[in-house]
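Enquirer: What follows is a structure written as structure tokens; I'll ask about it next.
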Amino acid sequence: MGLIPTSETQAAGAGCGGASWYALTSKTASGERMNPSRLTAAHRSLKFGTKVQVTNKRNGKSVVVRINDRGPFIRGRVIDLSKAAASQIGMVRSGTASVCYQVINS
């Protein structure tokens with residue numbers, strides 16, 4: 001968990017910051033329909049299809065998600081998770097969490 005959110009870690013496909021979750025059923029930026037029960041996420045710049053491990057800093061729980069959308073567009077947030085992914089790392093009730101993420105394949 002010792003990642004520091006700098007431009008170097010962001011460029012390397014890793015970072016820390018805020019996360020939130022969403023459960024829309026509209027189309028994502030990749031063109032596929034959002035499915036809240038799948039392990040997917042939105043990121044501002046990672047390539048669609050990239051697999052990312054996201055870890056909740058508060059409880060240490062992790063989940064692997066596939067990037068299929070763009071966002072978040074709220075200051076301080078680095079990733080938006082599907083409801084299923086948020087549930088796996090224990091952040092559905094709070095709505096947001098402090099997380100670190102690491103690309104595991106692109």
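The values are calculated or read from the model by the stated rules, or taken from the named source; none is laboratory data. Fair warning: this is a prediction, and the values are worked out from it, not measured in the lab. Glycine gets a Cβ as well: all are built from the backbone with ideal geometry, and neighbour counts include every protein chain shown.
Enquirer: Among the residues of the stretch 33-49, how many are buried (at least 18 other Cβ atoms within 10 Å of the Cβ) and of a type in the set (Gly, Ala, Ser)?
Expert: Adding up the residues that qualify gives 2.
Enquirer: Another question about this same structure. Looking at the stretch 33-48, I want the residues that are aliphatic (A, V, I, L, M) and have a partner that is modelled with pLDDT of 95 or more and assigned to a loop (DSSP other than H, G, I, E, B) with Cβ atoms under 6 Å, at least 6 apart or on another chain. Which pairs are those?
Expert: So the pair list comes out as Met34/Thr28; Ala42/Arg70; Ala42/Gly71.
Enquirer: Pick from Ile4, Ile104: which is at pLDDT below 95, loosely packed, with under 13 Cβ neighbours inside 10 Å and not aromatic (Phe, Trp, Tyr)? Lay out the reasoning, then the answer.
Expert: Working: Ile104 fails: at pLDDT below 95.
Among Ile4, Ile104, only Ile4 is at pLDDT below 95, loosely packed, with under 13 Cβ neighbours inside 10 Å and not aromatic (Phe, Trp, Tyr).
Enquirer: Scan the stretch 23-46 for residues that are within 13 Å of Ile104 (Cβ to Cβ) and either modelled with pLDDT under 95 or out of contact with any helix residue (DSSP H, G or I) (no Cβ under 7 Å at 6 or more places or on another chain) (or both) and jot them down.
Expert: Leu46
Enquirer: From the residues in the stretch 54-82 that are outside any strand (DSSP E or B) and either surrounded by 18 or more Cβ atoms within 10 Å (Cβ to Cβ) or polar (S, T, N, Q) (or both), which one is modelled with the highest pLDDT? Quick ask: steps written out before the conclusion?
Expert: Of the residues in the stretch 54-82, the ones outside any strand (DSSP E or B) are 57-61, 70-76.
Now narrow it down to the ones that are either surrounded by 18 or more Cβ atoms within 10 Å (Cβ to Cβ) or polar (S, T, N, Q) (or both): 59, 72.
Values: Asn59: 98, Pro72: 95.
Within the stretch 54-82, the match that is modelled with the highest pLDDT is Asn59.
Enquirer: I need a count of the residues in the stretch 29-53 that are in contact with a Ser or Thr (Cβ under 8 Å, 6 or more places away or on another chain) and part of a loop (DSSP other than H, G, I, E, B).
Expert: 12
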